[in-house]
Every structure is written in C-alpha cells, then in structure tokens.
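Visitor: What follows is a structure written as structure tokens; I'll ask about it next.
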Amino acid sequence: MKIADLITWFENWANPAWQESWDNCGWQIEPGVLEQPARVLVCLTPTLAVIQEVIALQNSGIPVNLIFAHHPLIFSPLKSLRTGEAIAEITRLAFTHQIGVYTAHTNFDQVQDGTADVLANLLELKQVAPIVPTQAGLGYGRVGELNPSLTLQELLTQIQTQLAPPDLIFSPTGDLEQIIHRVAVLGGSGASFISDVVKTGAQAYLTSDCKFHQFQESRDRSLILIDAGHYATERPACDRLVTKFKALNIHWVQLSQKDEDFRAFYSKY
C-alpha cells in the first residue's frame with residue numbers, strides 16, 4: 001500500500017474536516033513520499049527523538065518514510081525556522097531523509113475505536129456512549145457501565161495495571177470501598193468536560209492534565225476525578241492504531257520506542 005492510499009483510508013475513517021478550529025490535523029510535512037510504499041512509525045508526539053529513531057531505522061536497513069502522530073507538530077503558523085529550534089531541525093531532517101509527518105488529533109479523538117474508545121475498552125465499560133456527541137456516531141470521551149461494579153480501590157488498581165502511569169491522582173475521598181458502576185473516560189486534557197461528565201451520571205472520570213481547583217470542583221459535584229497523565233491516557237490509542245495498520249497489510253509499521261512523557265517524578269525513597 002502506498003502512503004497516499006493509507007492516508008486516503010485513514011481520512012475516510014477519521015476525516016480531518018472534523019477537527020476543532022484551533023487544531024492542525026493532516027499533513028505537517030510531506031517531502032514527496034506519497035507514491036512510496038508505506039513504512040510507518042506511529043507515535044504520540046512527533047519530537048526530535050522520534051525522527052532520529054526513524055533515521056536510525058533507515059540506517060539499519062528499514063526504509064521508514066512516515067511518522068504517523070496523534071499530536072500535531074505545528075499548532076500555530078510559524079513565523080520563522082531557525083537553527084537550534086526543534087521544529088526547524090525536525091523539518092530539515094524530514095526533507096533530508098524523506099520522512100513524512102502526518103497528524104490525527106481531534107478527528108481521531110471522536111471516532112469509533114479512537115482515543116476514547118480505547119480507554120473504554122481497557123476498562124471494559126459496557127453500554128458505551130460519547131460524553132459529548134458531535135455528529136452521528138462521533139463524539140468526545142466515552143461513558144459506560146462497569147459490569148460487574150468495582151470498588152474505587154479496584155478501579156484505581158485496574159487503571160494502574162492497564163495504563164501504568166508514573167503517577168495517579170484522584171479526588172479526595174474517605175471511602176475507597178465506594179462502589180463504582182458508571183465511569184467516564186477521555187484521553188488527554190479533559191478537565192474542561194467536567195460539567196458534561198456530571199450530566200451523564202458518571203461517578204468517576206478518568207482523564208488528564210487536571211488543575212488544583214478542578215479537583216475541588218469535581219469533589220463538590222460528587223464526581224471522582226482521576227488524572228492518569230496525558231501520555232498514559234493517549235499512548236494506548238497509538239498502539240491500537242498500529243494494530244489497525246497491520247490489518248491493512250502495509251509494508252512495515254511499528255510503535256515508536258522514543259515517545260516521551262515529558263515529565264519525571266522524583267521519589268525520595
């Protein structure tokens with residue numbers, strides 16, 4: 001399958017036209033690789049480390065020619081490209097080594113089997129529906145039932161086991177034995193959806209990038225807010241995308257080993 005055909009297949013599933021107005025889905029860098037056989041490295045964020053990973057693969061004899069990322073490389077119009085800047089270096093290397101960079105962000109968040117559905121599947125939620133529907137069959141986040149129900153302690157343990165976040169933060173509660181039967185999930189920064197989640201009747205909400213007073217707001221609205229981190233809540237969807245690409249029998253696809261969380265957690269022990 002050519003890169004052009006792969007992108008056509010993907011956009012028929014997760015149309016870039018569905019992206020938010022502030023987003024930048026689609027081609028970030030296209031150095032003339034559309035007619036080449038697709039050899040793809042999938043990642044969460046297209047960083048300098050990821051493009052160097054591709055170059056190392058090329059040097060080892062695997063002619064990788066596409067980085068397929070969830071997060072855009074470019075969010076705002078660039079005013080300059082200067083030596084020593086990461087985006088400038090990524091761009092230079094991409095053209096020098098014939099590496100395309102393509103992004104699927106808020107369009108991928110909405111679709112069936114996208115970022116939210118992957119989280120819902122990992123938690124084995126049933127009777128799943130979008131937190132915020134956007135159009136027929138699409139929407140942000142997912143809410144569903146736990147069957148059987150779990151205690152809060154068991155739910156936190158399941159999240160830790162499935163996502164392996166370096167840190168797991170949740171709303172203060174005096175009862176880890178509270179029975180949880182309805183859970184909402186949204187990968188990435190989902191605190192702005194708290195009001196929408198409350199309307200769904202969810203007792204707990206798994207997302208990331210939550211601020212101090214958003215935990216207070218959730219507690220005051222009887223919602224247990226669970227922050228597992230941006231990387232941990234979205235990286236599984238990248239892994240699922242690799243599986244979907246493999247089913248297309250493209251020439252080569254692999255999940256990046258150089259994706260970064262961008263955070264480190266200090267322990268005194």
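Visitor: Tally Lys/Arg at +1 and Asp/Glu at -1 over every other residue whose Cβ is under 12 Å from the Cβ of Gln19; what's the total? Show your work: numbers first, answer last.
Guide: Values: positive: none; negative: Glu11, Glu20, Asp23, Asp109.
Net of charged neighbours comes to -4.
Visitor: Report the far tail of the P(r) of region 181-265, meaning the percent of Cα-Cα pairs longer than 15 Å.
Guide: In whole percent, the share of Cα-Cα pairs in region 181-265 beyond 15 Å is 63.
Visitor: Which whole-number value in Å³ per residue fits the convex hull of the alpha carbons of the chain? Display every interim value, and only then the final one.
Guide: Details: hull volume 41.5 nm³, N = 269.
Expressed per residue, the convex hull around the Cα atoms of the chain is 154 Å³.
Visitor: Tell me the net charge near Gln153. Cut-off is 15 Å between Cβ atoms, Gln153 excluded, with +1 for each Lys or Arg and -1 for each Asp or Glu.
Guide: -3
Visitor: So what does log10 I(q)/I(0) come out to for region 33-80 at q = 0.18, 0.31 Å⁻¹, using the Debye formula with one equal point on every Cα and no solvent?
Guide: Each listed q maps to, in turn, -0.62, -1.14.
Visitor: Continuing with this model, one more query. Take the alpha carbon gyration tensor of region 111-230, find the square roots of its eigenvalues, order them as a ≥ b ≥ c, and report rounded if a/c is under 1.5; if not, report prolate when a/b exceeds b/c, else oblate. Mind dumping the intermediate values first?
Guide: Numbers: a/c = 1.39, a/b = 1.23, b/c = 1.13.
Rounded.
Visitor: Related question: Per-residue ellipticity at 222 nm for the chain, helices alone: DSSP H runs ≥ 4 residues times -39500 (n - 2.57), over residue total, nearest 500 deg cm²/dmol? Working shown, then result.
Guide: Numbers: 9 runs with 93 residues, N = 269.
That comes out to -10500 deg cm²/dmol.
Visitor: Right, next: Kindly provide the Kirkwood hydrodynamic radius of region 33-136 in Å, to one decimal, from all pairs of distinct alpha carbon atoms. Kindly include the intermediate steps, with their values, before the conclusion.
Guide: Values: mean 1/r = 0.0634 Å⁻¹.
Computed over region 33-136, the radius equals 15.8 Å.
Visitor: Could you work out the local net charge near Cys238, counting Lys and Arg as +1, Asp and Glu as -1, over the other residues with Cβ closer than 12 Å to its Cβ? Mind showing how you got there, number by number?
Guide: Numbers: positive: Arg235, Arg240, Lys244; negative: Glu234, Asp239, Asp259.
After counting each charged neighbour, the total is 0.
Visitor: So for each of 244-257, 192-205 I average, over its residues, the number of other beta carbons within 10 Å; can you give me the resulting order with the highest mean first?
Guide: On the way: 244-257: 15.6, 192-205: 18.6.
Result, highest mean first: 192-205, 244-257.
Visitor: Can I ask one more? Select from the chain the helices, each a whole stretch of DSSP H, whose alpha-carbon atoms run 24 Å or more along the helix axis and whose Kyte-Doolittle mean is at least 1.0; answer none if there are none.
Guide: On the way: long enough: 230-247 (27 Å, -0.70).
None pass (Cα extent of 24 Å or more, hydropathy at least 1.0).
Visitor: For region 92-126 and region 137-198, what is the separation of their Cα centres, given in Å?
Guide: That distance is 21 Å.
Visitor: Then there's this: For region 1-78, take N as its residue count and report Rg(C-alpha) divided by 2.2 N^0.38 Å.
Guide: Details: Rg = 13.1 Å, N = 78, 2.2 N^0.38 = 11.5 Å.
Against the compact-globule rule of thumb, the ratio is 1.14.
Where a number appears in this text, it was derived from the coordinates with a stated rule and is not lab data. Because the structure is a prediction, the values reported are computed rather than measured. Using ideal geometry, Cβ is built from the backbone for each residue, glycine included, and neighbour counts are taken over all protein chains shown.
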